[in-house]
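The values are calculated or read from the model by the stated rules, or taken from the named source; none is laboratory data. None of the values given here were measured: they were computed from a predicted structure. Note that we place each Cβ from the backbone using ideal geometry, even for glycine, and neighbour counts take in every protein chain shown.
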Amino acid sequence: MQKVLLAVDKVSTRIGQAFSWLILGLTVLMVWEIVSRRFFDAPHAWAFDAQIQLYGTMFMMAGAYTLAKAGHVRGDVLYGFLPPRVQAGLDLTLYVVFFLPGIIALAYAGWTFAGESWAIRERSGIMADGPFIYPFKTVIPFAGALLLVQGVVEIVRCIICLRTGEWPSRKEDVVEVDVEKLKEMVHVKDADIAALDEIVVKRGEASSHGKGTRP
């Protein structure tokens, strides 16, 4: 079972990482549009709509990846102090009551929106003869389906935790810098930092004193 859970995590991670490269295209497009508008007086009406589509695609396709890494925002002021089984019980309840109905509705509605958009070859209304948006709307049901699959995996994790009292392991991903671990890696001690601070303070005082005694 653990191999299956990690395999789904891997798929969500790979898809999220692949679509994360859209941020590069979005950055290039924004810079190019700013330069074109400001220095060449040649704005493009479709650029704003293209930016929305790129960002929206990246945002939606990163949903399952973020869920796989437990990276979604949660109010864990008290949650982090609870025993694993209580955490799993709360998560399982929220997944069943709120997550599953919401994501199923998203995928179903997105499928309907995408089908209607493809049927009429929908274009953006931001300008006359605007860019096509039906490929963008196709992302909605696809992202919803990925979230639904990853959500089922998280529900299974909750059930396993309820049975064993421990959360199943996840593969590590990009994490925030741990200052204490960084100190250990570069062999820096708190005493060394305090001594360096003291030297900087003394030099600052000496510099201020020297400036104050000049004629």
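Annotations for the structure displayed:
Results for (1) in contact with a strand residue (DSSP E or B) (Cβ under 8 Å, 6 or more places away or on another chain); (2) within 30 Å of Leu162 (Cβ to Cβ), shown as yes or no for each residue.
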site	(1), (2)
Leu94	no, yes
Leu100	no, yes
Ala109	no, no
Glu122	yes, no
Tyr134	no, no
Lys137	no, no
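- Members of region 85-138 found to be over 30 Å from Ser169 (Cα atoms) and among the β-branched types (Val, Ile, Thr), listed by number: Thr112, Ile120, Ile126, Ile133, Thr138
- Hits in region 94-129 (condition: among the β-branched types (Val, Ile, Thr) and either surrounded by 15 or more Cβ atoms within 10 Å (Cβ to Cβ) or under 17 Å from Val149 (Cα atoms) (or both)): Val96, Val97, Ile103, Ile104
- Any hit, region 146-167, residues being at pLDDT 75 or above, closer than 30 Å to Ala47 by Cα and among the charged types (D, E, K, R): no
- Filtered residues of region 44-82 (kept if in contact (Cβ under 8 Å) with a residue 12 or more places away in the chain and not aliphatic (A, V, I, L, M)): Trp46, Phe48, Asp49, Gln51, Gln53, Tyr55, Gly56, Thr57, Gly63, Tyr65, Thr66, Lys69
- Residue among Lys69, Lys10 that alone is under 23 Å from the mean Cα position of the chain (by Cα), of a type in the set (D, E, K, R) and loosely packed, with under 13 Cβ neighbours inside 10 Å: Lys10
- Residue within region 45-56 that is of a type outside the set (A, V, I, L, M), farther than 24 Å from Ser12 by Cα and part of a loop (DSSP other than H, G, I, E, B) present: no
- Pick from region 130-171, criterion touching a Leu at 6+ places or on another chain (Cβ under 6 Å) and hydrophobic (A, V, I, L, M, F, W, C), ranking: nearest to Ala105 (Cα to Cα): Val153
- Restricting region 76-93 to residues that are in contact with a Cys (Cβ under 8 Å, 6 or more places away or on another chain) and of a type in the set (A, V, I, L, M), the residue that is farthest from Gly144 (Cα to Cα): Ala88
- Some residue of region 105-122 being in a loop (DSSP other than H, G, I, E, B) and out of contact with any Leu (no Cβ under 9 Å at 6 or more places or on another chain): yes
- Matching residues in region 13-52 - criterion: being of a type outside the set (S, T, N, Q), closer than 21 Å to Met127 by Cβ and within 20 Å of the chain's Cα centre (by Cα): Gly25, Leu26, Ile52
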